[in-house]
Structure formats: C-alpha cells, structure tokens
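Okay, so here's the structure we're looking at.
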C-alpha cells in the first residue's frame, strides 16, 4: 500500500521501518522540511516528502507527531485526500513533560476527538498504547504465544478494519476499542496503556478503565519515571504501567 507518515520520532520511525520491510511504499515528512528529512528517509528506506504533499496518493495517512503539534499542521492538509483514507493518530497528551496544557483535554475531551477537531477530519486512534521499543522489536507472527496487542478506536468501520489489518501486518493483535468517543480508554495511564498485554488481557484492560482516573495516574507515572534516570529500561516502564493499574 501507499502510506504517508508525518513524524519521524520514535513511533513514526519504528512504524515506517516495519512498513518498508513489509514492502509498502512509504513517504515520510517532518517539521524539518524536505531536505531535513532526507537522511532519515534514506536510513529507513522510505521516500522523503514535504508535509504539504506527503499524503498525495496515500491509501493510509499516519500522524506520528505530539498532540499539540496537530494544531500546527497546514490548513487544508487533507483537502485532496479521499474521505475513505484512514488517518491514524498515534499521539498521546503529556502536559508538564512535553505538551503545554490544553483546556479541552484537561476537561476530559478524548485526545483523538480533539485531534479530529484540529485537522477537520475524524481519525483512527492506533499505535499509541504500544511502546516504541515494542513496536520496533516485539512484533510476532499471527498465533505466536508472545504476540502483544494494540487498541484501535474510530468511528468509520471500514477505516478501522483497514487499520486493524495494518496492525496485524506489523505483528500485533488488534483489539477493537470502540468509537472515537471511547478512545479515552487507551490514553496514557489507563489499564491497557503500554503494558505489552496479549489480546485477552488488552480486552480486560480496556473494560477496566474508569473515566477520569488516568490523568492523576499519568502524573504519578512521570514522577516515578524521573526516579529511574534519563534512560529507563523497557521492562521497567512496562512494570510501572502495570503497577499503576493492577488487573
């Protein structure tokens, strides 16, 4: 498939590499412009692009940028992108660490609902509750006993089906997490967030989420993370996320 990605940080680069390895035609763009993205595109094996044209001809569009960067994307970015093309939002809101405060999110609006309002188009929430290390290294074939799962939420059934297929293609079991209004269940520090759970545990974790509980736990996690130093291990992060929401 033809896939465009804005964002070449940990998540965007990991997804792009896996897509290229699967034989997809991938274009990548970032805020550094066409010249600024050339080297990382070469390293990944993708085609460099400018943000304004990265989704030209794309069958899937992926936004792998910080939540607050969504409001800075060019106006009309999706005006020529057919309505049938899924737009995947991988972002997570981390106020006080990376993001400035957003009043609507602090008031409880689901993050991807807010993102949809910024870009003028519904998104599919996916790949946000899998750690970058897990995305890069822990994909497994279908049926593997160690295969981990990822949540997928969205309003368009056909688009969500395409994104779930893509997640499976990259080595992870997709779990339908409901509509975009339900996507708060996969936001930071909910029970399913970045815990490397399998499909059954992911479903249990999504069901166990309590609306409004996550922000305080997210802030507590950031305090705990700071005690681990600048480079906490993957296993330590998973253990902390699980400890915040024991099932």
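Select from segment 1-37 the residues that are modelled with pLDDT under 95 and assigned to a helix (DSSP H, G or I) and list them in ascending order.
Scanning segment 1-37 gives 10, 33, 34, 35, 36.
Kindly check whether there is at least one residue in segment 61-80 that is part of a loop (DSSP other than H, G, I, E, B), under 17 Å from the mean Cα position of the chain (by Cα) and on the phi > 0 side of the Ramachandran plot.
no
Just checking, which of 225, 167, 201, 240 is touching a strand residue (DSSP E or B) at 6+ places or on another chain (Cβ under 8 Å) and more than 30 Å from residue 85 (Cβ to Cβ)? Reasoning before the result, please.
Details: 225 fails: touching a strand residue (DSSP E or B) at 6+ places or on another chain (Cβ under 8 Å); 167 fails: more than 30 Å from residue 85 (Cβ to Cβ); 240 fails: touching a strand residue (DSSP E or B) at 6+ places or on another chain (Cβ under 8 Å).
Answer to the selection: 201.
If you take the residues of segment 182-201 that are in a helix (DSSP H, G or I) and within 16 Å of the chain's Cα centre (by Cα), which of them is surrounded by the most Cβ atoms within 10 Å (Cβ to Cβ)? Working first, answer last.
From segment 182-201, those in a helix (DSSP H, G or I) are 182-186, 199-201; that's our starting set.
Narrowing the set further to residues that are within 16 Å of the chain's Cα centre (by Cα) leaves 182-186.
Details: 182: 20, 183: 27, 184: 22, 185: 24, 186: 32.
Per the stated criteria, the residue is 186.
Give all pairs with beta carbons closer than 8 Å in which a residue from segment 92-108 that is over 19 Å from residue 183 (Cβ atoms) meets a residue that is in a loop (DSSP other than H, G, I, E, B); count only pairs at least 6 apart in sequence or on separate chains.
Cβ pairs passing all conditions: 98/66.
When you check residue 89 against the structure, is it in contact with a helix residue (DSSP H, G or I) (Cβ under 6 Å, 6 or more places away or on another chain) and buried (at least 23 other Cβ atoms within 10 Å of the Cβ), yes or no?
For residue 89, the condition - in contact with a helix residue (DSSP H, G or I) (Cβ under 6 Å, 6 or more places away or on another chain) and buried (at least 23 other Cβ atoms within 10 Å of the Cβ) - is met.
Each row is one residue, and each column tells you yes or no for (1) under 24 Å from residue 113 (Cβ atoms); (2) touching a helix residue (DSSP H, G or I) at 6+ places or on another chain (Cβ under 7 Å).
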position: 138; (1), (2): no, no
position: 142; (1), (2): no, yes
position: 146; (1), (2): no, no
position: 161; (1), (2): yes, no
position: 165; (1), (2): yes, no
position: 193; (1), (2): yes, yes
position: 219; (1), (2): yes, no
position: 224; (1), (2): no, yes
position: 234; (1), (2): no, yes
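The values are calculated or read from the model by the stated rules, or taken from the named source; none is laboratory data. Computed from a prediction, not measured in an experiment: that's the story for all the values here. Here the Cβ is made from the backbone with ideal geometry for all residues, glycine too, and neighbour counts use every protein chain on show.
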